[in-house]
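Asker: Sharing a structure, written as structure tokens. Questions coming.
The values are calculated or read from the model by the stated rules, or taken from the named source; none is laboratory data. None of these values were measured; they are calculated from a predicted model. So basically every Cβ, Gly included, is an ideal-geometry build from the backbone, and we count neighbours across all protein chains shown. Please note that ligands, DNA and RNA were not included when accessible areas were found on the heavy atoms of the full protein model with its side chains. Shrake-Rupley method; radii C 1.70, N 1.55, O 1.52, S 1.80 Å.
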Amino acid sequence: MAKKIADQLIETLAATGIERIYAVTGDSLNEVNEAVRKNDKIKWIHVRHEETGAYAAGAEAQLTGHPGCCAGSSGPGHVHLINGLYDAQRSGAPVIAIASAIPTYEFGTEYFQETNTIKLFNDCSYYNEVATTPKQFPRILQSAIQTAITRKGVSVIGLPGDLAKATSASVDSSTHAYPTKSEICPAEEDLAQLADLLNKHERITLFCGIGCRGAHEEVIALSEKLNAPVVYTFKGKMDVQYENPYEVGMTGLLGMPSGYYSMHEAEVLVMLGTDFPYSAFLPDDIKIVQIDIKPERLGRRAKLAIGLCGDVKMTIQALLRMLNPKTNDSFLVKQLKRYEGVKKDLAAYTEDKGETNKIHPEYVMSEIDKLASDDAIFTVDTGMTCVWGARYLQATGKRHMLGSFNHGSMANALPQAIGAALACPERQVIALCGDGGLSMTLGDLQTVVQYKLPIKIIVFNNRSLGMVKLEMEVDGLPDWQTDMLNPNFAQVAEAMGMTGFNVSDPEEVLTTLYNAFEIDGPILINIMTDPNALAMPPKIELGQMVGFAQSMYKLLINGRTQEVIDTINSNYKHIREVF
């Protein structure tokens with residue numbers, strides 16, 4: 001019996017190592033669905049929303065390094081993929097997206113559910129083509145997979161429904177992808193120039209990103225030789241922080257004063273494997289060096305003294321033999337001492353558990369950190385949950401943390417946890433959700449139940465869009481339309497077939513978390529956290545203080561006195577940071 005294009009697609013994906021397709025089936029995707037049913041090497045994961053599928057595929061790719069795969073049916077189905085694909089593209093996650101489309105003979109007629117997939121996906125992919133003939137399809141498929149693997153991003157394959165059921169044809173070109181691991185190191189003369197710069201200066205700080213993954217020992221060795229404090233990004237935290245005697249915390253919107261000042265008081269800042277997007281947190285009056293595997297990133301965030309293209313691990317290995325060991329450690333000691341003070345402040349926030357329906361989120365996250373396994377996978381929703389995760393979840397060398405760190409989308413934690421649980425069934429997966437984020441993806445709680453995924457879903461329920469509220473206050477605006485009227489999330493979870501807990505008493509947090517983590521199967525814990533808990537930036541500007549004061553004043557004159565009192569009472573510990 002002749003092989004259909006849909007069968008050819010699935011056999012090629014399976015041969016590539018793809019084990020799952022996250023999708024909602026229907027109309028133009030039905031032939032692909034049938035091909036999966038007949039193939040025992042690949043599974044169809046029936047998500048409730050295609051955006052969830054794209055996020056899950058991206059999470060799987062980030063954890064395994066292998067391509068993830070998602071699909072959407074013609075028109076609205078594949079349009080729903082876009083947000084998750086943007087996140088995968090910006091996270092460097094190889095993802096294959098099958099954009100099923102209307103029959104080829106209806107192209108250009110404004111047919112039912114017609115979209116222009118080329119225009120639609122061009123901005124969130126490295127490869128984006130529509131196949132229209134059997135001879136063309138395998139070549140497009142091979143190119144899409146090869147591009148996703150090589151460039152670590154999204155490839156979109158437009159597959160019309162009539163082509164999916166057509167008979168496949170043989171082609172002369174390759175039909176499988178090839179591994180692209182390579183070693184990249186800067187030229188000897190460029191490394192010598194960098195070594196000369198570092199040998200001439202005493203106060204040097206390393207700023208490490210996700211590009212330092214796999215180079216932990218090298219980063220430590222470089223820091224030791226230079227007596228350099230190590231600052232890291234949120235994405236780089238889990239790969240840099242652990243067993244690192246030179247680390248001084250994060251910088252950025254969610255960072256700490258120790259990280260910020262270690263960079264600004266240095267003479268030279270060495271950026272290793274980071275495309276840190278917040279230029280305002282970078283110093284502009286010192287020498288900056290950037291080393292990145294992608295040369296197009298060099299210099300686009302800061303004015304560089306030196307920019308080198310190279311793998312962080314190999315580059316440091318080659319650089320170390322050119323460096324003279326530093327004997328003066330006064331700069332390093334100063335920054336480490338400041339970091340000790342920051343850690344004491346962070347710990348102080350966890351000592352006050354809060355009160356009924358106003359449980360302190362810092363305390364909750366610190367207890368999650370203690371109870372979670374050494375190789376846990378955390379997914380964090382964008383917003384205040386990200387803040388608490390950044391500050392209180394500690395690296396072990398085995399843990400992973402996933403979030404929408406570059407795209408900054410809400411509602412990523414639950415979808416990413418689904419992909420993580422399927423890709424790594426032997427590891428504990430904890431989804432740290434905001435109430436706003438979970439509200440957007442409630443339907444996919446049913447996906448968790450359907451596939452019996454033992455995800456522990458922790459809802460930081462502050463009854464508001466907390467980060468948006470804080471942004472308004474810093475800008476001098478009274479918060480408006482940020483309140484959330486939520487359902488009882490634990491009861492929703494129970495209705496969908498998973499165990500749910502409600503926690504409103506701070507004294508019940510630890511016991512409930514412990515019991516939930518011991519139960520096999522999906523659990524949702526709805527924790528009523530303090531809606532007035534603030535996240536202070538690493539450096540507080542005068543304009544931010546003035547804006548916040550103006551916001552509080554506007555609340556007062558509009559009769560919202562109690563909110564001002566609650567905000568002050570919830571954040572009295574931060575006064576020490578400000579003054």
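Asker: Looking only at the stretch 95-127, filter to residues that are out of contact with any helix residue (DSSP H, G or I) (no Cβ under 8 Å at 6 or more places or on another chain) and open to solvent by less than 60 Å² (accessible area, probe 1.4 Å); which one of those is nearest to R48 (Cα to Cα)?
Answerer: In this case the residue turns out to be I118.
Asker: Check whether at least one residue in the stretch 299-317 is touching a Ser or Thr at 6+ places or on another chain (Cβ under 6 Å), closer than 21 Å to R203 by Cβ and buried (at least 20 other Cβ atoms within 10 Å of the Cβ), and report yes or no.
Answerer: Within the stretch 299-317 (the criterion being touching a Ser or Thr at 6+ places or on another chain (Cβ under 6 Å), closer than 21 Å to R203 by Cβ and buried (at least 20 other Cβ atoms within 10 Å of the Cβ)), the answer is no, since none of the residues qualifies.
Asker: Follow-up. Only one residue in G92, G68, G84, G75 is in contact (Cβ under 8 Å) with a residue 24 or more places away in the chain, in contact with a Phe, Trp or Tyr (Cβ under 9 Å, 6 or more places away or on another chain), among the small types (G, A, S) and surrounded by fewer than 24 Cβ atoms within 10 Å (Cβ to Cβ), so which one is that? Give the steps one after another, and end with the answer.
Answerer: On the way: G92 fails: in contact with a Phe, Trp or Tyr (Cβ under 9 Å, 6 or more places away or on another chain); G68 fails: surrounded by fewer than 24 Cβ atoms within 10 Å (Cβ to Cβ); G84 fails: surrounded by fewer than 24 Cβ atoms within 10 Å (Cβ to Cβ).
It is G75.
Asker: Oh, and also: Does the stretch 327-336 include one or more residues that are of a type in the set (V, I, T), surrounded by 13 or more Cβ atoms within 10 Å (Cβ to Cβ) and closer than 18 Å to L198 by Cβ?
Answerer: Step one: list which residues in the stretch 327-336 are of a type in the set (V, I, T), which gives 327, 333.
Pick out the ones that are also surrounded by 13 or more Cβ atoms within 10 Å (Cβ to Cβ) and you get none.
No, that holds for no residue.
Asker: Cβ-Cβ below 9 Å, separation at least six or inter-chain, first residue in the stretch 118-136 and free of Cβ contacts under 8 Å to residues at least 60 places away in the same chain and more than 17 Å from G161 (Cβ to Cβ), second open to solvent by 50 Å² or more (accessible area, probe 1.4 Å) and of a type in the set (G, A, S): which pairs?
Answerer: K135/S170
Asker: Under 6 Å between Cβ atoms, which residue pairs at least 6 apart in sequence (or on different chains) link something in the stretch 142-155 that is closer than 16 Å to A14 by Cβ with a partner that is among the hydrophobic types (A, V, I, L, M, F, W, C) and not in a helix (DSSP H, G or I)?
Answerer: Partner pairs satisfying both residue conditions: A144/I157; I145/A177; A148/I96; I149/A177.
Asker: Restricting attention to the stretch 250-259, does a residue exist that is touching a Cys at 6+ places or on another chain (Cβ under 6 Å), in a helix (DSSP H, G or I) and surrounded by 24 or more Cβ atoms within 10 Å (Cβ to Cβ)?
Answerer: No.
Asker: Scan the stretch 8-36 residue by residue and report those that are in a helix (DSSP H, G or I) and more than 18 Å from H176 (Cα to Cα). Break it down stepwise before answering.
Answerer: Initial filter on the stretch 8-36 (in a helix (DSSP H, G or I)): 8-16, 27-36.
Within the stretch 8-36, D27, S28, L29, N30, E31, V32, N33, E34, A35, V36 meet the criteria.
Asker: Turning to a different aspect of this structure: What number of residues within the stretch 224-234 are over 15 Å from R391 (Cβ atoms) and either at pLDDT below 95 or surrounded by fewer than 24 Cβ atoms within 10 Å (Cβ to Cβ) (or both)?
Answerer: As a first pass, look at the stretch 224-234 and keep what is over 15 Å from R391 (Cβ atoms): 224-230.
With either at pLDDT below 95 or surrounded by fewer than 24 Cβ atoms within 10 Å (Cβ to Cβ) (or both) added as a condition, the list becomes 224-225, 227.
Going through the stretch 224-234 one residue at a time, the tally reaches 3.
Asker: Do you know which residues across the stretch 492-531 are assigned to a strand (DSSP E or B), within 19 Å of G434 (Cβ to Cβ) and not small (G, A, S)? Give the derivation first.
Answerer: Within the stretch 492-531, the first condition is being assigned to a strand (DSSP E or B), and the residues that meet it are 499-503, 523-529.
Still in the running and within 19 Å of G434 (Cβ to Cβ): 500-503, 523-529.
Scanning the stretch 492-531 gives F501, N502, V503, I523, L524, I525, N526, I527, M528, T529.
Asker: Have a look at E34, E19, E11 and point out the one that is over 32 Å from the mean Cα position of the chain (by Cα) and on the phi < 0 side of the Ramachandran plot.
Answerer: Only one candidate qualifies: E34.
Conditions tested, residue by residue: (1) modelled with pLDDT under 95; (2) hydroxyl-bearing (S, T, Y); (3) assigned to a strand (DSSP E or B).
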residue: L269; (1), (2), (3): no, no, yes
residue: T315; (1), (2), (3): no, yes, no
residue: L319; (1), (2), (3): no, no, no
residue: K343; (1), (2), (3): yes, no, no
residue: A347; (1), (2), (3): yes, no, no
residue: D375; (1), (2), (3): no, no, no
